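The values are calculated or read from the model by the stated rules, or taken from the named source; none is laboratory data. Quantities reported herein were computed from a predicted structural model and do not represent experimental measurements. Glycine also receives a Cβ, built like all others from the backbone with ideal geometry; neighbour counts cover every protein chain displayed.
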Ligand code: ADP
């Protein structure tokens, strides 16, 4: 059990209340007794007179052998149980048995203790339930659509705090994540609208020109319209894949996949499009448990990108290391500025907007690659080769 846990706090509170209830009445009774001894009442005065008288008697102890003079010499006669105090033939009522000064002290002490206990209990209840109230208020705000609402707890907002403080801390983390998701969703919708607008506008422009007779309906014109349409179709398909991956609904038909053959097949498909750029394959046999069609898409996106940016060469390297299969796609192009490496897999993220648009990319290729790999529990990272050029490394874990 943690020292600052709720149970320990409640236990300490209970102990404090018990202590107050025991100590305050006891202290007041003791003080009242002390006062009483300092200012004796008439009965007590009688008792003290008897003590003095007895001490006179004790000057001649042989005459009264039954009197315990040794005890009297200590200035404090032994108090006897019972109502009477003193010695044979010289007894007075024992005033200490009546304890009448104790009752008011006890009443006052108990009263103070009860009031203090109630105050402490209320303070504790308030302190303990503060995080719950803060979370409830923030949850209400969030339910009304205010995603910036947080549970405010001065100094108690820590994961290491008691259970309720860490509940408020986790709630705030969740609220921050919700706010971030909402912002990303808004941004994504804006990005999608922006991406769709360009090809649709271009298509409309060309169709208007055909309709007005400005352009002639030629094969080249049809090809142009068709390529805009293909771009749109690809964009919609990419978005569909990303949405499925986001909601963990991307269908995967995993089988033992011969990665070497798959890379060779994709490379064959790309070679004609690479012109005089060389595609170098260094492949060792490796099998991974994955969906071959999705892996083909991953390889295509990476090789396509490398082909766009490479100056002369693209390398695909496949090797195994212990239980890992590592596939690397590298090129000798401009590489990726280090500030962009973190965001390179984000949707619609392009390092150089104008350059990327010129190469016809939608900014979704790498986001798809990452989404597919993550759905398989594989990892990808991007970095720059010391000699320049971008490197994408995929780690296929068993
Ligand atoms: P796009 O479809 O626009 O290429 P990607 O998601 O595939 O989108 O890539 C995102 C951005 O990453 C690209 O716009 C480009 O700026 C950068 N990028 C991707 N691959 C490479 C590479 N091999 N070399 C340099 N930059 C790259």
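Things worth noting here:
- Looking only at the range 370-398, residues that are under 30 Å from the mean Cα position of the chain (by Cα) and free of Cβ contacts under 8 Å to residues at least 24 places away in the same chain come to 3 in all.
- Selection from the range 208-229 of residues that are surrounded by 14 or more Cβ atoms within 10 Å (Cβ to Cβ) and in contact (Cβ under 8 Å) with a residue 12 or more places away in the chain: 221, 224, 225, 228
- Hits in the range 317-334 - residues which are buried (at least 20 other Cβ atoms within 10 Å of the Cβ) and within 12 Å of the ligand (Cβ to nearest atom): 329, 330, 331, 332, 333
- Just so you know, in the range 358-398 the residues that are modelled with pLDDT under 90 and within 8 Å of the ligand (Cβ to nearest atom) include one that is surrounded by the most Cβ atoms within 10 Å (Cβ to Cβ), and it is 362.
- For the range 293-309, the criterion of being touching a residue at least 12 places away in the same chain (Cβ under 8 Å) and part of a loop (DSSP other than H, G, I, E, B) is met by no residue.
- A single entry from 249, 273 fulfils the requirement of being away from the ligand (no atom under 14 Å from the Cβ), farther than 23 Å from residue 390 by Cβ, at pLDDT below 95 and not in a strand (DSSP E or B): 249.
- In this structure, residue 301 does not qualify as out of contact with any strand residue (DSSP E or B) (no Cβ under 8 Å at 6 or more places or on another chain), under 22 Å from residue 254 (Cβ atoms) and more than 13 Å from the ligand (Cβ to nearest atom).
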